[in-house]
Structure formats: C-alpha cells, structure tokens
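Asks: Before I ask anything, here is the structure I am working with.
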Amino acid sequence: MLQGKRILLIVAGGIAAFKALELIRRLRERGAAVRCILTEAGTRFVTPLSLQALSEDRVYTDMFSLTDESEMGHIQLSRDADLLVVVPATANILARMAGGLADDLAATVLLATDKPVLAAPAMNVRMWTHAATVANVETLKKRGVTFIGPNDGAMACNEHGPGRMSEPAEIAAAIESMLAANRPLAGKRALVTSGPTREAIDPVRYISNHSSGKQGHAIAAALARLGAEVTLVSGPVAVADPPEVRVVRVDSADQMLAACLAAGRVDVAVCAAAVADWKVTRTAGAKIKKKAGALPPALELAANPDILATLSKPGAKRPALVVGFAAETEDLVANAIAKRGRKGCDWIVANDVSPAIGTFGGERNTVHLVSAAGVENWPTLTKDEVAGRLAARMALHLAGPRSAEAAE
Ligand code: CTP
C-alpha cells in the first residue's frame with residue numbers, strides 16, 4: 001500500500017503517455033497522492049485536463065510561469081515528493097537527464113531532486129538499442145536512477161522488440177517496492193539536535209556561535225526519508241524546517257536538553273547542534289545600561305549541561321545508537337577519538353571548522369567517521385550527501401551486525 005506517499009509523475013512526450021492515466025488511477029487506489037509535471041511534448045499525447053482530473057491536483061507544465069514559481073518553486077515540487085517517476089522515459093528525456101540539462105520544468109526538477117527516481121522507458125527498439133541511449137541509461141543507473149522495463153513486444157511503430165513501456169500495474173508494483181525498500185528506519189524514532197544555542201546576557205544580548213543548522217537539518221531530513229519518526233530540536237536558525245519532521249524550537253542549551261529529554265525514548269540520537277559551552281550565571285532581567293566612566297560589566301559564566309554526554313549515559317533508556325559531532329580546528333581525528341571516549345557516544349562525526357575550510361554556513365563538509373571500528377575518512381561531500389550517507393549507515397547499524405558487515 002502507498003498510504004501517505006507522494007509521487008511526482010513526470011509525463012514526457014511519447015505514445016505510451018496514455019498509460020500514465022491508468023498509472024495515476026492505480027497509485028491513487030493504493031492511497032498515494034499523485035502530482036504531475038507534463039512536458040511540452042507530453043501535451044501532444046495527453047491533456048493537462050485528464051491528468052488533473054485523475055490526480056485531483058494541479059498539473060505543472062511551464063517552468064517560467066511566475067505564478068508557479070511563487071506558489072510552488074521547482075525545488076518545492078521535488079521536496080514535496082517521496083519519489084519521482086518518469087513515464088514514459090523517452091530517449092529524449094533520458095538524454096537530457098544524463099546530460100544534466102535544465103531546459104524545461106521536468107528536466108530542472110530531475111536535476112534538482114535528491115529523491116529516488118524511477119524511469120519507465122518507452123521508445124522505438126532502435127532508439128533503445130542505440131549506443132547513445134545505452135550510454136545514457138548506463139550513466140543514469142550509476143547515478144542511482146532505477147529503471148523498469150522496457151518490455152519486449154509489438155510497438156505502436158509496427159516494430160517488435162524491447163521498447164514497450166511496462167504496464168501500469170508493473171510500474172505501480174515497482175513503486176511500492178522502491179518506497180518500502182527505501183524506508184529501513186520505518187517504525188524507528190530518531191532525535192536530532194541542530195543549530196547554535198543562544199545564552200542570554202540580558203533581554204537583548206546573547207552569547208552564541210556561527211552554526212547554521214544546515215548539517216543537522218539535513219540529517220533530520222535524511223532520517224525521515226528513510227522512514228524514521230524524527231524530532232528535531234533546533235536552536236535559532238535561518239534554514240527551513242525539513243519535511244515530515246517534528247521541529248521543536250529552543251534558544252538555550254538548558255532548553256535544548258529539556259526538549260531532548262521530553263522527546264521520550266528514541267532508537268537513535270544525533271547531536272549536531274553547536275551547543276554553547278557556557279551560559280551567563282546571572283542573566284539580567286532588564287537591558288544592561290552603559291554608565292559613563294564605569295567599567296564594562298564582568299560576565300560570570302557557568303558550564304552548560306552536555307546534551308550528548310547526557311543522552312549517551314548507559315541505562316535502559318539509552319538510544320541504541322548515539323552520534324556526536326566534533327567541530328575542531330586542530331588535531332581533528334585525535335581530538336575526535338578522545339571526545340568519543342569522554343562523551344560516551346557510539347560514533348563521532350569529526351569535521352574541520354577552520355575558517356579557511358568554510359564549513360560553518362557553507363554547503364560542503366569533509367568529515368571523518370570515528371567509531372569503535374576505527375576511523376573512516378569520507379570524501380568532501382555536500383552536507384545533504386553527508387546526511388544521506390550517515391543516515392544510511394545508521395540504518396545499516398540498526399539492522400544488525402550481519403548487514404553492517406555485509407556493507408563494509
Ligand atoms: N554537545 C552537546 N552539549 C554540549 C556541548 C556539546 O550536546 N553542551 C555535543 C555537540 O552537539 C557535538 C559534540 O557534543 O555533538 C561535540 O561538541 P564540541 O563543541 O565540538 O566539543 P566540546 O564538547 O565542546 O569540546 P571542546 O570544547 O573541547 O572542543
């Protein structure tokens with residue numbers, strides 16, 4: 001069943017486009033919400049009206065419509081979907097995907113998406129066996145696109161051979177298995193901390209740090225995509241709430257700890273927040289005023305609670321896997337190994353936050369995963385990629401030692 005799943009159907013211009021109508025009906029019967037993008041060529045084969053009537057949603061056709069961009073940007077179309085399905089995947093759209101083109105809404109969404117993509121090819125047999133298409137399919141498979149079909153049989157062009165699009169029932173079944181297979185954390189609860197904390201000096205001033213929350217938020221999103229029920233406890237950040245995640249907003253470290261404990265029992269916890277180490281002992285109730293000739297106020301600081309260490313404490317309520325971050329500017333790996341021991345967590349994701357690297361607020365991250373098994377050096381990846389890889393590793397770990405070993 002596909003209850004609650006959201007599928008973005010990209011209908012391209014091929015004779016098999018009519019099968020998209022039957023596919024929508026089957027997906028909706030299984031409980032999925034379907035939204036369609038129809039390419040310009042696609043409009044020659046099916047009308048936006050029939051797609052709209054069957055999906056009971058708007059059909060998106062024009063990338064440069066200002067209304068579309070203000071109401072529903074192309075990025076949002078992908079964000080709102082669990083899976084993108086290209087039906088029919090014509091030789092042309094496969095070539096555009098392989099080439100990374102963004103020359104219409106469909107191609108742009110396919111380039112901008114971080115969601116799984118299923119393609120159901122349909123074309124003339126010689127187009128399918130042409131070296132260009134073979135190479136494009138190869139490239140797309142390497143990038144993680146899943147293919148269904150084409151089937152062998154008689155085609156509209158009076159030829160016979162591979163090129164017929166899979167039947168809607170087959171595509172619906174493939175969608176079901178893809179969405180089930182991609183949710184290894186279904187039924188698991190996850191807690192993620194993200195962003196900085198703010199420690200108030202008085203009602204208008206605070207101590208904080210440069211954390212943007214990008215990495216922590218990306219981890220919450222990645223765990224949710226794998227099916228986990230995620231609570232994200234976030235300090236003040238400018239990044240958007242990840243989809244399908246319960247977000248609890250806090251300011252101070254004390255509030256962050258209280259929110260983490262209130263989240264109840266979880267299977268995994270990831271502490272990605274840059275928690276301020278110290279808070280001001282006596283926060284002034286009113287704004288501290290400057291007085292002519294007087295010395296600046298002396299701030300007395302006290303240690304904040306260590307959230308990661310608290311969550312890592314042995315006991316019945318301890319999550320099965322606790323992951324911390326180590327933000328270091330020197331002796332990265334050695335400090336991370338020591339930090340793992342000190343905090344009692346299972347894994348430490350060590351990242352270099354020297355200003356020259358640009359981790360804080362930047363899009364990319366170079367990390368090292370420190371566990372009992374040793375140190376893994378990951379290549380420089382985007383923060384979303386780090387999140388996806390970490391979430392997948394966590395899922396593997398929870399699945400048990402045998403599956404974890406199989407993947408090593
Ligand atoms: N952390 C936490 N609560 C704190 C401080 C840190 O939960 N009060 C967590 C962070 O979320 C991160 C890890 O601990 O997962 C490491 O934080 P970091 O600031 O890098 O290390 P510190 O413990 O502050 O150690 P040091 O200042 O020596 O680097």
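Asks: Among the residues of the range 281-288, is any open to solvent by less than 60 Å² (accessible area, probe 1.4 Å), out of contact with any strand residue (DSSP E or B) (no Cβ under 8 Å at 6 or more places or on another chain) and either within 25 Å of Lys5 (Cα to Cα) or not assigned by TED's automatic domain parsing to the domain that holds Arg342 (or both)?
Replies: no
Asks: On the given criteria, is Asp267 open to solvent by less than 10 Å² (accessible area, probe 1.4 Å), at pLDDT 95 or above, more than 15 Å from the ligand (Cβ to nearest atom) and not aliphatic (A, V, I, L, M)?
Replies: no
Asks: Got a sec? Which helices (runs of 4 or more DSSP H) wholly within the range 99-150 have at least 2 residues that are more than 18 Å from the chain's Cα centre (by Cα) and surrounded by fewer than 19 Cβ atoms within 10 Å (Cβ to Cβ)?
Replies: 125-129, 131-142
Asks: What are the pairs, 6+ residues apart or on separate chains, where a residue within the range 360-379 that is farther than 15 Å from Gly324 by Cα has its Cβ under 7 Å from a residue that is among the hydroxyl-bearing types (Ser, Thr, Tyr) and part of a strand (DSSP E or B)?
Replies: As it stands, the answer is Glu363/Thr382; Arg364/Thr382, since those pairs meet every condition given.
Asks: Given the structure, is Ile93 open to solvent by 40 Å² or more (accessible area, probe 1.4 Å), out of contact with any Cys (no Cβ under 6 Å at 6 or more places or on another chain) and not in a loop (DSSP other than H, G, I, E, B)?
Replies: In short, no.
Asks: May I pose another question? Select the strands (runs of 3 or more DSSP E) contained entirely in the range 286-357, then report the ones holding at least 1 residues which are more than 23 Å from the chain's Cα centre (by Cα) and away from the ligand (no atom under 11 Å from the Cβ).
Replies: Numbers: elements: 301-303, 321-328, 347-352.
Per the criteria, 301-303.
Asks: State whether the residues of the range 267-281 include one that is among the hydroxyl-bearing types (Ser, Thr, Tyr) and touching a residue at least 24 places away in the same chain (Cβ under 8 Å).
Replies: No; the residues of the range 267-281 include none that is among the hydroxyl-bearing types (Ser, Thr, Tyr) and touching a residue at least 24 places away in the same chain (Cβ under 8 Å).
Asks: Restricting to the range 12-35, give me the number of residues that are buried (at least 17 other Cβ atoms within 10 Å of the Cβ) and under 24 Å from Arg225 (Cβ atoms).
Replies: Count: 8.
Asks: Mind listing whichever residues of the range 185-199 are open to solvent by 30 Å² or more (accessible area, probe 1.4 Å) and under 28 Å from Asp80 (Cβ atoms)?
Replies: Correct list: Ala186, Gly187, Lys188, Arg189.
Asks: Within the range 154-170, how many residues turn out to be under 21 Å from Glu22 (Cβ atoms) and free of Cβ contacts under 8 Å to residues at least 12 places away in the same chain?
Replies: Number of matching residues: 1.
Asks: Write out, first by first residue and then by second, each pair whose Cβ atoms fall under 7 Å of each other, whose residues are 6+ apart or on separate chains, and whose first residue, in the range 25-38, is more than 23 Å from Ile93 (Cβ to Cβ) while the second is hydrophobic (A, V, I, L, M, F, W, C) and part of a helix (DSSP H, G or I).
Replies: From residues that are more than 23 Å from Ile93 (Cβ to Cβ), the pairs are Arg30/Ala172.
Asks: Something else about it: In the range 200-246, what residues are in contact (Cβ under 8 Å) with a residue 60 or more places away in the chain, under 14 Å from the mean Cα position of the chain (by Cα) and open to solvent by 40 Å² or more (accessible area, probe 1.4 Å)?
Replies: Lys214, Arg225, Pro243
The values are calculated or read from the model by the stated rules, or taken from the named source; none is laboratory data. If you're wondering where the values come from, they're calculated on a predicted model, not measured in any experiment. FYI the Cβ positions are ideal-geometry reconstructions off the backbone, even for glycines, and counts take in every protein chain you see. Just the protein is used for accessible areas: all its heavy atoms, side chains included, with ligands, DNA and RNA removed. Shrake-Rupley method; radii C 1.70, N 1.55, O 1.52, S 1.80 Å.
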